Amino acid sequence: MDITGLHHVGLVVPDMAAAIGTFRRLGFRVGPPAYPALPPEAGAAAEPIGAGNTHADFPRGFVELVALAPERRERLPDEARLVPLAIPDERLAATRAAMRRTVAGLAARLDRSEGAHILVFAADDAERTAARLRAAGVEHGGARPAQRPITTAAGTELAAIKYLELGDAASDGMLPEGRIGVAEDAPPELLDAQTGLDHPNGALALAECVLCVGEGELESTAERYERLLGTAARGDGDSRAFTLGSGRLTVTTSAGLAARLPGERARTVPALSAYAVDVADLAAAERLLRGAGVELRRAATGEPFVPAAAAHGAAVMLRQASA
């Protein structure tokens, strides 16, 4: 398998400050959000553009919060960082137009509902994955250079990686369930040197993502993801599961979601409706959240979860990490 696990889940939110406050109350360490900036014209001051983001980072993945950038810097969240992009004057207009196209799909998803609209899988070699997908007839935009900021004791380093998005040009990089992609991980030695991973809730890893589909779309969606992931789905009834290293993607129906997470239902389908996080001490994490006044429910397995309505559109399942 060239797909090695879950790289990250991204939530698109209308209010970055509110989302950061929520996730800190849930016990995640979340840093100040960063917003790209470009001048509206050559010689002008740089202004926010596109979308800003911040992460709850784990050793091999993260949960991302994404919010569309305001038009003026004074409307940024109080702790936001503006990151001016170095673009030659002759490419300024084209770059601004390209960034607007990139976030247009996310804006449309946000109009649909707040929640998890981004899912990226991890791969050792994005070029190899791109070639396999092309041979399997899976549309994508090709492996493109990208940078992932990694913070270590020596500071923040931009690790050179490659990334590809699923979908054709007509879909603008969007599948029915959102922006789905594949990214290379940064070098293991750099990931192992990360700092800032000590979450108060003991979070250690992104363990699972749950994709909820319509009742008649389970088999076709599972087959589509078999081509994407290069592995067979397992399960019967209302759910199909893909094992990806230490992580998992589960495709389920509305009935399957409600059976697993009582009281939950997808606002629309298909949708990335829930995700699971492994924690070092499940009992301690539950005490922390209850002490903070966070609403918790019980999954069918007995494990606690934060309902989507209290976690910006996607339920957060807490799971005891294995030794």
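Subtracting the Cα-Cα distance of GLU127 and THR152 from their residue separation scaled by 0.36 nm leaves 6.3 nm.
Across the stretch 137-147, coupling constants 3J(HN,Hα) worked out from phi with the 6.51/-1.76/1.60 Karplus curve, θ = phi - 60°, read x, 8, 5, 7, x, x, 6, 10, x, 8, 10 Hz, and Gly and Pro carry x. Here the stretch 65-164 is described by how far its Cα atoms reach on the three principal axes: 48, 41, 34 Å, from widest to narrowest. Antiparallel beta bridges, as assigned by DSSP with both residues in the stretch 179-323, represent about 60 percent of the total such bridges. In the stretch 1-128, taking the dipole from charged Cβ atoms about the Cα centre, the farthest positive-side position among PHE23, HIS55, PHE121 is held by PHE23. Looking at the stretch 237-323, I'd like the Rg to Rh ratio, where Rg is from alpha-carbon atoms and Rh is Kirkwood's inverse mean 1/r. Radius of gyration over Kirkwood radius for the stretch 237-323 works out to 0.96. The stretch 84-127 and the stretch 173-247 have Cα centres lying 20 Å from one another.
Taking only the Cα atoms of the stretch 25-70, the radius of gyration and Dmax are 14.0, 43 Å.
The rule of thumb for compact globular proteins, 2.2 N^0.38 Å, goes into the C-alpha radius of gyration of the stretch 88-240 1.20 times.
Under a 5 Å amide H cut-off, with hydrogens placed 1.01 Å from N, GLY5 pairs with ALA122 among residues at least 5 apart or on other chains.
Sorting 236-246, 115-125 by their mean Cβ neighbour count within 10 Å, with the most densely packed peptide first, gives 115-125, 236-246. Taking amide H positions as modeled 1.01 Å from N, with prolines and chain starts lacking one, the residues under 5 Å from ALA299 and 5 or more places away or on another chain are PHE305. Ranked by the mean number of other Cβ atoms within 10 Å of their residues, highest first, the peptides 45-51, 1-7 fall in the order 1-7, 45-51. Expressed to the nearest 5 percent, the antiparallel share of DSSP beta bridges inside the stretch 1-96 is 55 percent. Highest mean first, the peptides 150-161, 247-258 sorted by other C-beta atoms within 10 Å per residue fall in the order 247-258, 150-161. Summing charges over all other residues whose Cβ lies under 9 Å from the Cβ of THR253, with Lys and Arg as +1 and Asp and Glu as -1, gives -3.
Please identify the DSSP H helices in the chain that span no less than 27 Å along the helix axis (Cα) and have a mean Kyte-Doolittle hydropathy of -0.5 or more. Long hydrophobic helices here: 92-112. Measuring how big the chain is from its alpha-carbon positions, Rg and Dmax come out at 19.2, 61 Å.
Share of antiparallel DSSP beta bridges in the chain, in percent to the nearest 5? Bridges in the chain are about 65 percent antiparallel. Here the simple spin-label model places points 7 Å from the Cα toward Cβ, and for ARG112 and ASP15 these points are separated by 2.4 nm.
We did not get these values from a lab; they are worked out from the coordinates using the rules stated. Owing to the predicted nature of the structure, the values given are computational and were not obtained by experimental measurement. Note: ideal-geometry Cβ built from the backbone for every residue, glycine included; neighbour counts use all protein chains shown.
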